[in-house]
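What follows is a single structure, written as structure tokens, with notes after it.
The values are calculated or read from the model by the stated rules, or taken from the named source; none is laboratory data. Since the structure is predicted, the reported quantities are computational estimates derived from the model, not experimental observations. Reconstructed Cβ throughout: ideal geometry from the backbone, glycine too, with neighbour counts over all protein chains shown. Heavy atoms of the whole protein, side chains included, go into the accessibility calculation; ligands, DNA and RNA do not. Shrake-Rupley method; radii C 1.70, N 1.55, O 1.52, S 1.80 Å.
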Amino acid sequence: MIYVQILLVSLGCLFFIVGTLGLLRFDDAYSRIHAITKADNLGLGLLVLGILPSALSVPQGLKLILIWVLVLAASATASYLIAHYIKQHQLSKLPHGARPDTTADGQDAEPDPTNERGPQ
Amino acid sequence: MRYLVPLLLSTLVWWILTEAAQAWVVGVPVILVSTWVAVRLQDTDSGSAPTHRLNWFAVPRFALFFLWQSLQAGLDVAKRTLKPVPDINPGTLYYYTSIPHGTARYFFGAIVGLFPGTLCTEFSEDTDQLVLHVLDTDVDIALDCRRLEREIERLFKLPAADQQGRPA
């Protein structure tokens, strides 16, 4: 059992690293949110699954699961809020360190069915 | 009944948090306050948006579906990240949802961000159009979203939608 646990926890950590790597490698804000939310949720899930057999009591095990569920709820909500803020203020295409143009009205932007970003 | 479910959930969470330490002197007031807050929040919510009742019997099925999709989402994003050149083709999808306005749609907008390749960026209370950001425009994301909608209809006891939602 301990080997399965070690495997699960290691895999979980790997997904955290991958999520962070995505955050650094992807070059627009939305894609970065994709990477960090999805990889970290799976990573935390695997981590919780890995330590679950070591829980000393039923409530302790449930607490681990509760932590995962709460993080899921928080990251789902936070990812929407950040993405929405970026969209409203048109921040995704700005270079590093640039400040949003306060006169730009993101709300009335013409729907653009093509890519937000040109091909690489 | 409106108080019963929040009360039971609060009690369960307190029991879990204290690991069954029987700290009810602190626990009972905390449970009552959190129940009251939960009901109050429901009230303010339903001022503008209809509240949809959760079908508790559908929760296990949805949980399994969600776990499977989380796994897919994590693996998908890991695969794309670890390529020598990040393999993404991001874009915007204008998606027409068949989920009615209210709790169920809020749930859809939030949880779609945890499903493979999708992220909700804009959410409207007046129209059925959602703006989704997709990680790869070559994948048929709309199809996955329809599947999620069917599952959410089951979860919230919504009538099954006629396929009026147009793929954007």
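Check the range B:102-117 and report whether any residue there is under 13 Å from the mean Cα position of the chain (by Cα) and among the polar types (S, T, N, Q). Yes, the range B:102-117 contains at least one residue that is under 13 Å from the mean Cα position of the chain (by Cα) and among the polar types (S, T, N, Q). With a cut-off of at least 2 residues that are among the hydroxyl-bearing types (S, T, Y) and free of Cβ contacts under 8 Å to residues at least 40 places away in the same chain, name the helices (runs of 4 or more DSSP H) lying wholly within the range B:23-124. Correct list: B:24-48. Among the residues of the range B:8-59, those that are surrounded by 14 or more Cβ atoms within 10 Å (Cβ to Cβ) and of a type in the set (D, E, K, R) comprise B:E19, B:D45. When restricted to residues that are at the interface with another protein chain (Cβ under 7 Å from one of its Cβ atoms) and open to solvent by 20 Å² or more (accessible area, probe 1.4 Å), the range B:93-110 contains 2. For the range A:26-36, the tally of residues that are farther than 15 Å from B:D76 by Cα, facing another protein chain (nearest Cβ under 9 Å), open to solvent by 10 Å² or more (accessible area, probe 1.4 Å) and assigned to a helix (DSSP H, G or I) stands at 0.
Among the residues of the range B:69-83, is there at least one that is under 19 Å from the mean Cα position of the chain (by Cα) and open to solvent by 50 Å² or more (accessible area, probe 1.4 Å)? There is at least one residue in the range B:69-83 that is under 19 Å from the mean Cα position of the chain (by Cα) and open to solvent by 50 Å² or more (accessible area, probe 1.4 Å).
Any chance the range A:88-95 includes a residue that's assigned to a helix (DSSP H, G or I), more than 20 Å from B:W14 (Cβ to Cβ) and modelled with pLDDT under 90? Within the range A:88-95, one or more residues are assigned to a helix (DSSP H, G or I), more than 20 Å from B:W14 (Cβ to Cβ) and modelled with pLDDT under 90. Tell me which of these B:E125 doesn't satisfy, since it passes every other one: (1) within 15 Å of the chain's Cα centre (by Cα); (2) more than 7 Å from chain A (Cβ to nearest Cβ); (3) surrounded by fewer than 21 Cβ atoms within 10 Å (Cβ to Cβ). Evaluating B:E125 over (1) within 15 Å of the chain's Cα centre (by Cα); (2) more than 7 Å from chain A (Cβ to nearest Cβ); (3) surrounded by fewer than 21 Cβ atoms within 10 Å (Cβ to Cβ) leaves (1) as the failure.
Out of A:V58, A:V18, one residue alone is open to solvent by 70 Å² or more (accessible area, probe 1.4 Å) and at pLDDT below 95. It is A:V58. A single member of B:D136, B:D87 is more than 17 Å from the chain's Cα centre (by Cα), open to solvent by 60 Å² or more (accessible area, probe 1.4 Å) and farther than 27 Å from A:V69 by Cβ, and it is B:D87.
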